[in-house]
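Chemist: Below is one structure. I have some questions about it.
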Amino acid sequence: MQWKGQIIRKTFQSSAVKGVELAQIEPTTRCNYTCGYCCGRQMPQQDMPFEAFTGLIEAFPDLRHIELQGEGEPLLHKRFFDMAAIARDRGIDVSFITNGSYFSARHVERILDLGIRKIAVSIDSADPAMFKEIRGGKLEKVVRGLRLLMARRRERGLDRPAVGFSMTLMRKTLDAFPAIAALYRDLRLDGGLGVQPLQRMDAYVSVYDAEMSRQLLDAEEIARFEADNRALLETLAAGPRREIGGFYDQLFGGWNARSGTCPWLERGVYLSFDGFATPCCNIKDTRPYSILRIAAADGQALDELRTALAGELRRGVLPAPCRNCKIADRVLDSQRKIDRLKPWKWRLPAIAQGTGR
């Protein structure tokens, strides 16, 4: 049964949303880069009101880690550091993903002062020309800012933030990973190097132009990339500072596709710039699945939605908003493999005792 919930607009009551410990919060949809795969370019260009952020923190009292990142560049929000300070003062860890273009001397010191847990810098190529072609920014500026951040962290004797790279893999960057890994090491980063194939979910594909659509990878290309770069991927995936895990490290920690569920549906929530909550960061514009207003949080409605989608996944049914999600695909593929083995289950004990026929 697919979820048929409607958008809920209620006045905020005293009941808070209990049990949600991990939230990704979108400070803004604005960005100074022009990445062709970003669906934020087609969204209203605006910031989350600061009062909405504080209301959110009030509404979700069990939060222990937030990721301040969505479709825009989080450091463009004028009160980004105020958001981080409020979270810190409440004992909530903060991490974020950035394009790396705003690591000024002033911002670097504020990042270090606030004890940000982890930063991932988006990068798709270590070649300046290709970087500019894909992202519309200057790689040299990102590298300069990262050198400053890492140098000041060492000078101040700090262990945070762990700093790493996040790469979006596309057809024209299939050979770019070794050079990115070399840059990662040259900068003495330690927060890991994550790789994600170009997104295939509807909210993203709908904004791709013809050239970007040609960059989508098929399963064979992804498998070949993983085989060619296996050693580097395994070495750099978590980084040497794995004990300082970021938001996604905690969200996916211990998860296995054979569990039959998605970690987003078990322990996470996404909160968009315009005040809607969805079960997952990849659900952008499917309003029946965007059931909350930050200022009208309804914990029961959120639980019902997550339970409904998780139930479909456990039954081997692809939930409507999860189409082309690689996590859901892995869960369902794992279930299909288990189902193929089920006829043997009842014979295994007898075979083990030497009495199977």
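The values are calculated or read from the model by the stated rules, or taken from the named source; none is laboratory data. The structure displayed is predicted, hence computed values, not measured ones. Methodologically, a virtual Cβ is constructed for each residue, glycine included, from the backbone with ideal geometry; neighbour enumeration extends over all protein chains shown.
Chemist: Six or more apart or on different chains, Cβ under 7 Å: which pairs go from a residue in region 189-215 that's more than 10 Å from Cys38 (Cα to Cα) and acidic (Asp, Glu) to one that's at pLDDT 95 or above and outside any helix (DSSP H, G or I)? Could you list them?
Modeler: Pairs found: Asp190/Ala162; Asp190/Val163.
Chemist: May I pose another question? For the subset of region 315-331 comprising residues that are touching a residue at least 40 places away in the same chain (Cβ under 8 Å), touching a Leu at 6+ places or on another chain (Cβ under 9 Å) and assigned to a loop (DSSP other than H, G, I, E, B), which member is nearest to Trp255 (Cα to Cα)?
Modeler: My answer is Cys325.
Chemist: So for region 33-41 (the condition being within 19 Å of the chain's Cα centre (by Cα), modelled with pLDDT of 95 or more and buried (at least 22 other Cβ atoms within 10 Å of the Cβ)), does at least one residue qualify?
Modeler: Taking every residue of region 33-41 in turn, none turns out to be within 19 Å of the chain's Cα centre (by Cα), modelled with pLDDT of 95 or more and buried (at least 22 other Cβ atoms within 10 Å of the Cβ).
Chemist: Moving on to the next point. Looking at Ala120, Ala181, Ala151, Ala162, can you tell me which residue is of a type in the set (Gly, Ala, Ser) and touching a helix residue (DSSP H, G or I) at 6+ places or on another chain (Cβ under 7 Å)? Explain how you work it out, then say what you get.
Modeler: Numbers: Ala120 fails: touching a helix residue (DSSP H, G or I) at 6+ places or on another chain (Cβ under 7 Å); Ala151 fails: touching a helix residue (DSSP H, G or I) at 6+ places or on another chain (Cβ under 7 Å); Ala162 fails: touching a helix residue (DSSP H, G or I) at 6+ places or on another chain (Cβ under 7 Å).
Going through Ala120, Ala181, Ala151, Ala162 in turn, the sole match is Ala181.
Chemist: Could I ask something else about it? Out of curiosity, is Gly55 modelled with pLDDT of 85 or more and either more than 18 Å from Ile119 (Cα to Cα) or of a type in the set (Phe, Trp, Tyr) (or both)? Step through it out loud before you land on a result.
Modeler: Numbers: modelled with pLDDT of 85 or more: yes; either more than 18 Å from Ile119 (Cα to Cα) or of a type in the set (Phe, Trp, Tyr) (or both): yes.
Yes: the conditions hold for Gly55.
Chemist: Report yes if some residue within region 242-256 is more than 30 Å from Leu302 (Cα to Cα) and at pLDDT below 90; otherwise report no. Explain how you work it out, then say what you get.
Modeler: To start, the set of residues in region 242-256 that are more than 30 Å from Leu302 (Cα to Cα) comprises 242-243.
If we keep only those that are at pLDDT below 90 too, we end up with 242-243.
Yes, region 242-256 has at least one match.
Chemist: Further question: Restricting region 170-188 to residues that are under 13 Å from Ser125 (Cα atoms) and of a type in the set (D, E, K, R), which is surrounded by the fewest Cβ atoms within 10 Å (Cβ to Cβ)?
Modeler: Filtering region 170-188 down to residues under 13 Å from Ser125 (Cα atoms) leaves 170-184.
Imposing the further condition that a residue be of a type in the set (D, E, K, R) reduces the set to 171-172, 175.
Numbers: Arg171: 13, Lys172: 15, Asp175: 11.
Filtering region 170-188 for residues that are under 13 Å from Ser125 (Cα atoms) and of a type in the set (D, E, K, R), the one surrounded by the fewest Cβ atoms within 10 Å (Cβ to Cβ) comes out as Asp175.
Chemist: What do you reckon, is Asp93 modelled with pLDDT of 95 or more, touching a strand residue (DSSP E or B) at 6+ places or on another chain (Cβ under 7 Å) and under 24 Å from Arg79 (Cα atoms)?
Modeler: Details: modelled with pLDDT of 95 or more: yes; touching a strand residue (DSSP E or B) at 6+ places or on another chain (Cβ under 7 Å): yes; under 24 Å from Arg79 (Cα atoms): yes.
Considered against the rule, which asks whether it is modelled with pLDDT of 95 or more, touching a strand residue (DSSP E or B) at 6+ places or on another chain (Cβ under 7 Å) and under 24 Å from Arg79 (Cα atoms), Asp93 comes out as yes.
Chemist: Can you name the condition, by its number, that Gln13 falls short on among (1) modelled with pLDDT of 95 or more; (2) of a type in the set (S, T, N, Q); (3) surrounded by fewer than 16 Cβ atoms within 10 Å (Cβ to Cβ)?
Modeler: (1)
Chemist: Can you pull out every residue in region 76-116 that is over 22 Å from the mean Cα position of the chain (by Cα) and within 25 Å of Arg135 (Cβ to Cβ)?
Modeler: Listed by number, the residues that qualify are Lys78, Ser104, Ala105, Arg106, His107, Val108, Arg110.
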